[in-house]
Amino acid sequence: MNPFSSGTRLRDMIRAIRACKTAAEERAVVRKECAAIRASINENDHDYRHRNIAKLMFIHMLGYPTHFGQMECLKLIASAEFPEKRIGYLGLMLLLDERQEVLMLVTNSLKQDLNHANQYIVGLALCALGNICSAEMARDLAPEVERLLQFRDPNTRKKAALCAIRIIKKVPDLAENFINPAAVLLKEKHHGVLITGVQLCTDLCKVSAEALEYCRKKCTEGLVRTLKDVANSPYTPEYDIAGITDPFLHIRLLRLLRVLGQGDADASDLMNDILAQVATKTETTKNAGNAILYECVETIMSIEDNGGLRVLAINILGRFLSNRDNNIRYVALNMLMKAITVDTQAVQRHRATILECVKDSDASIRKRALELVYLLINESNVKPLTKELIEYLERSDQEFKGDLTAKICSIIAKFSPEKIWYIDQMLKVLSEAGNFVKDEAWHALIVVISNASDLHGYTVRALYRAFQTSAEQQETLVRVAVWCMGEYGDLLVKNVGMLDIEDPITVTESDAVDVLEVAIKHHTSDLTTKAMSLIALLKLSSRFPSSSERIQDIITQNRGSLVLELQQRSIEFNSVIEKHQNIRSALVERMPVLDEATFIGRRAGSTPATVSTSNGASLNLPNGVTKPPAAPLVDLLDLSSDDAPAPSSSGADFLQDLLGVDLSAASKQPGISGTNQAPRTGTDVLLDLLSIETPPAQSSSSITDILSSSQVNKSPDASLEGLSSPSALSTQAATPAGAAPMMDLLDGFVPNSPIPEDNGPVYPSIVAFESSSLRIMFNFSKSRGNPQTTSIQATFTNLSLNVYTDFIFQAAVPKFLQLHLDPASSNTLPASGNGSITQNLRVTNSQHGKKSLVMRMRIAYKSNDEDILEEGQINNFPRGL
Amino acid sequence: MIHFVLLISRQGKVRLTKWYSPYSQKERTKVIRELSGVILTRGPKLCNFVEWKGYKVVYKRYASLYFCMCIDQEDNELEVLEIIHHYVEILDRYFGSVCELDLIFNFHKAYYILDELLIAGELQEPSKKTVARLISAQ
């Protein structure tokens, strides 16, 4: 006889499996058993069914597939014998989950069992229902469960209560049916039923506002009394845990009180006494007591303000924080994060302890503490806290470093009181953990550096020193250093702008060039760093004419580089050095100061308030040097690295970088003084360069098109006028010479067409409609990621002397557009422009880029008791929407 | 609510799993594998709570078994520790000085006891005596 037939007892099978020495052996045993079970199922064998299911469950726990046993579970459930039913339900709960269709077949059996005479069978059914029922089953069987909530046997009642919880979670509409029975359960004496009843009420109140109201009015007092009884009850061995009677009940009651008291002052009043009592009298030596206190503090923090209680709560948290038990400290940190919104001062008092927790050996505690510290930072404590955090950065381990660095950078960016502190701290962070610093952070640093003109010398010297010590591991530090050396190398060598706190340092030109040479040649330098170094070398060749030879040598070494970007740059720069000395100095003049406000504004994702112009002379090197291909946008980057590019590191941004570039900082342009060059978004800048209008945020392929089209030197005039050029732009006449976008370097720098500042989406407002009685202005904005959708804010102004009432605006758009109107701010428009109505619209243009927006509108209002209707068509939408 | 209960041995073998939220077969294996990795590598002195995928997992080690329960963010972790202890004490009372072997060979009984303790991820009965009585009656 096959030793592995279904005749094997469960115990033996388990023993056999445990005896296996290897995974392959185990798989063999399991396979044999499964085969036997399947055979037995096929023969419809009654006797061993429950043993088979038990075996299947064990096999399931080992991780093997067991779906063939699902129908067997159903057959077992349908059996009349209690043990078989039991194992059937157990198998059901383990082998199936609610998403399986097989589950529906059980509904009938469940219904029968719910009506069974044997209370244990009813219990089984309730348990199964409560654990895995689906929404349909819940709906079908809800009436049964409702009835069972009032069953004579308390054990059944408590199971029914928990089952009801699952039902209302799956089908919230049924919640109303359960409100009354649930409230009745709250008056129970049996702890099991009481606990489950309380839990049911809590979930009901979360799901249904009606239930919440009902419970608040009817049950709050009763609950308070119950809690009081439990808290004051004498020793009951049955429910006692660590000296406290039924801590679970305490906790559930507190939670329900929290839900009831939140947002309701009356209910909160009723609870004050008992909360105070629990908070002060609970034993804190054991976990049970602490669990109750924790819940109590949560409740106090959530309900309506009562000064005394809150102070009590924060004191408890303070005590928790200094507890040696890690669990308690973790829990305290959690609570303190919520407490911050309530009472920042109190939490500030614990700052030192929290800071200690950042250095704790436990990863969970460290994480929480770091978040808490971040929330606590304000202007007064930012310096010492940052100092501590940076010191800790050195000692922290790798997984934590990333988080920590990100937080430190954002703290520095948000709260820095002065620029020199900002630069110092960032340098420290870069030296320690440069590799974890995100692009935005070091880009921001460069913006700040370029703005702090008096600190240029200090910065470049500090970077030089840092480079000597920590360049090896910190790529980002090298990049920042390289950029600064390129820009301010002359300040370094001439020791310009020494501050009192600095030690004197002598750096010769060749030392400076050494730095760049190391940066290029080092094996860990990546493409961006090398590219940045090349451009920096070009700048230095102009600033240090004596080292020009050497620099040229270094540059030419890369002529044969296999990386296109480096090869291209080195050839181009070499060409500049050799043949175009006359323009070289102009080419690599100091970068104009990057507009910090704009940069930060853009970072915050909002459209910057100020817009600046800058001249873009296109980089059109003579003599047939190929135009930099758009595709490897990163390349074009060197330019970007100079121009602290804008926020967010998506691919599209490379464009910006690309753009920002203006090698020709162009001081030669008549009439154009070094205006701020704001980092611009995406394609727009490129367009600017080429003075071609672009729809915002285009993909890179379109850039290629633009570039190639620019070669042809055509820029549609029409597009330019359609271009929304916000104010500042206009110092130059729009489109000189019908936009000759390609500035030949050798021709000197002709003012370029105004570069429309476009951050993603800024279009000028238009007057959509104007009559003697009404004016409508449209303000546009686009969200960055979605170029097809434009948000329009329509402002209606009343130009007449009568007040307009019942003001309704309607609009219609052609088929390729989709329009969505939000409700207007009001229906009454005060007279003579004393107020206005605003209404938001959203238009999605499926032919974005090909057709621009057009809209017909109709306005209806009442003026002087007569109905007036005005209609019009709006054609003057800016292009590119 | 408690989303699932997991009992794993120190070698990573699963001794008991109970799921109160819908997880497909594949998801279950994945969850078990990940959580085992996280919990079994934690040192002894660290706190018993782990943040995992937006949930909290409370675990406690008893001899060679780790009892893990996954709860929502707003639940009371200390209470769940008590629930775990409650379960262990009931098992202890039932089996008489329970050990891992008892749970391996009598896993179905362990499940029955768990079903008397938790339904739908919530606590059912705070009294150990009552649970014991109910189990013996069935």
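Taking a quarter of the surface of the convex hull around the Cα atoms of region A:421-468, what do you get in nm²? If you can, show how the numbers build up before the last one.
Numbers: hull surface 12.4 nm².
It is 3.1 nm².
Within the same chain, lysines fewer than 8 places from A:Lys438 are excluded, and of the rest, those with a Cα less than 25 Å from its Cα are A:Lys359, A:Lys367, A:Lys383, A:Lys387, A:Lys401, A:Lys407, A:Lys414, A:Lys419, A:Lys428, A:Lys521, A:Lys530, B:Lys53. Expressed as a whole percent, the accessible surface of region A:765-869 that belongs to carbon and sulfur atoms is 45, based on a 1.4 Å probe. Taking other residues whose beta carbon is less than 13 angstrom from the beta carbon of A:Phe877, and scoring Lys, Arg as +1 and Asp, Glu as -1, yields +4.
Taking trypsin sites (Lys or Arg not before Pro) as candidate sites, keep only those in a DSSP loop with at most 10 other Cβ atoms within 10 Å, then name the longest stretch of chain B containing none of them. The answer is B:54-138. A 1.4 Å probe run over region A:766-874, with the rest of the protein chains in place, finds 51 Å² accessible per residue.
Semi-axes of the equivalent ellipsoid of region A:1-106: what are they in whole Å, largest first, if each equals the square root of 5 times a C-alpha gyration tensor eigenvalue?
Numbers: eigenvalues 109, 48, 26 Å².
Equivalent ellipsoid of region A:1-106: 23, 16, 11 Å, largest first.
Here the accessible area is traced with a 1.4 Å probe on the protein chains. For region A:370-452, carbon and sulfur cover 47 percent of it. Based on the alpha-carbon gyration tensor of region A:288-363 and its eigenvalue square roots a ≥ b ≥ c, which shape applies: rounded if a/c is under 1.5, prolate if not and a/b is larger than b/c, or oblate? Oblate, since a/c reaches 1.5 and b/c is not below a/b. Within the shell of other residues whose beta carbon sits under 14 angstrom from the beta carbon of B:Leu134, the net charge comes to +4, with Lys and Arg scored +1 and Asp and Glu -1.
Buried between A and B is an accessible area of approximately 5700 Å², summed over both sides with a 1.4 Å probe. In this structure, the amide hydrogen of A:Ile874, modeled 1.01 Å from its nitrogen in the peptide plane, lies closer than 5 angstrom to those of A:Met855, A:Arg856, A:Met857, counting only residues at least 5 positions away or on a different chain. Model label points for A:Arg225 and B:Gln25, set 7 angstrom from Cα along the Cα-to-Cβ axis, are 5.5 nm apart. The relative contact order of region B:2-137, computed from alpha carbon pairs under 8 Å that lie at least 6 residues apart in sequence, is 24 percent. Summarised in one figure, the compactness ratio Rg/Rh of region A:766-874, Cα atoms and Kirkwood Rh, is 1.00. Computed over protein heavy atoms with a 1.4 Å probe, the accessible surface of region B:2-137 works out to 36 Å² per residue.
Couplings 3J(HN,Hα) for region B:122-135, derived from phi with the Karplus relation 6.51 cos²θ - 1.76 cosθ + 1.60 (θ = phi - 60°), are 10, 6, 10, 8, x, 9, 5, 5, 4, 4, 4, 5, 5, 5 Hz, where x marks Gly and Pro.
Rounded to whole Å, the principal axis extents of the Cα atoms in region A:171-281 read 42, 29, 17, largest first.
Over all other residues within a Cβ to Cβ distance under 11 Å of B:Asp102, the charged ones net out to 0, with Lys and Arg as +1 and Asp and Glu as -1. What fraction of the Cα pairs in region B:2-137, stated in percent, has a spacing above 28 angstrom? Every Cα pair in region B:2-137 considered, those over 28 Å come to 12 percent.
For region A:47-84, a decrease in accessible area of 50 Å² or greater in the assembled protein chains relative to the isolated chain, with a 1.4 Å probe, applies to A:Met61.
Here the accessible area of region B:2-137 is 54 percent carbon and sulfur, with a 1.4 angstrom probe and all protein chains present. Which residues belonging to region A:157-196 lose at least 50 Å² of 1.4 Å-probe accessible area when the assembly is complete, relative to their chain isolated? Residues of region A:157-196 that lose at least 50 Å² of accessible area once the other chains are added: A:Lys158, A:Lys159, A:Leu162. The loop-placed trypsin sites (Lys or Arg not before Pro) in region A:85-175, going by DSSP, that have at most 13 neighbouring Cβ atoms within 10 Å of their Cβ come out as A:Arg99, A:Arg152.
The values are calculated or read from the model by the stated rules, or taken from the named source; none is laboratory data. Computed from a prediction, not measured in an experiment: that's the story for all the values here. Glycine also receives a Cβ, built like all others from the backbone with ideal geometry; neighbour counts cover every protein chain displayed. Surface areas here come from the heavy atoms of the whole protein model, side chains and all, with no ligands, DNA or RNA. Shrake-Rupley method; radii C 1.70, N 1.55, O 1.52, S 1.80 Å.
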